[in-house]
1. Can you tell me which residue within the stretch 46-71, out of those that are touching a Gly at 6+ places or on another chain (Cβ under 6 Å) and surrounded by 14 or more Cβ atoms within 10 Å (Cβ to Cβ), is nearest to Gly36 (Cα to Cα)?
2. Would you say Ile74 is of a type in the set (A, V, I, L, M, F, W, C), at pLDDT below 95 and exposed (fewer than 11 other Cβ atoms within 10 Å of the Cβ)?
3. It is to be established whether one or more residues within the stretch 21-35 are touching a Gly at 6+ places or on another chain (Cβ under 9 Å) and at pLDDT 70 or above.
Amino acid sequence: MQKAFTKLTLALALAGAALSFGAGTAQANHPCGGGGICPAIYAPVICNDGVIYGNDCYAREACAHGCRPYKEEI
């Protein structure tokens, strides 16, 4: 049991390191400094370009500026 736990811990640590490295590499190459990975959380923002993005991370990925929370009218 201990051996399996050790292998699982090592695998998770390596996966986390790979994700961290990948995000850093994407961020360095992204024109707006985004990491390329956004959470799937719906918190809409509207930006100066008039586009409504699902959240501020997606707006940053699109190089949008002047973003503010978007309130949908019912």
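1. The first filter runs over the stretch 46-71 and keeps only residues touching a Gly at 6+ places or on another chain (Cβ under 6 Å), leaving 47-48, 60-61.
From what is left, the residues that are surrounded by 14 or more Cβ atoms within 10 Å (Cβ to Cβ) are 47, 60-61.
Values: Cys47: 19, Arg60: 10, Glu61: 7 Å.
Per the stated criteria, the residue is Glu61.
2. So Ile74 fits the description; yes.
3. Yes, the stretch 21-35 contains a residue that is touching a Gly at 6+ places or on another chain (Cβ under 9 Å) and at pLDDT 70 or above.
The values are calculated or read from the model by the stated rules, or taken from the named source; none is laboratory data. All values reported here derive from a predicted model rather than from experimental measurement. Every residue, glycine as well, gets a Cβ built from its backbone with ideal geometry; the counts of neighbours run over all protein chains shown.
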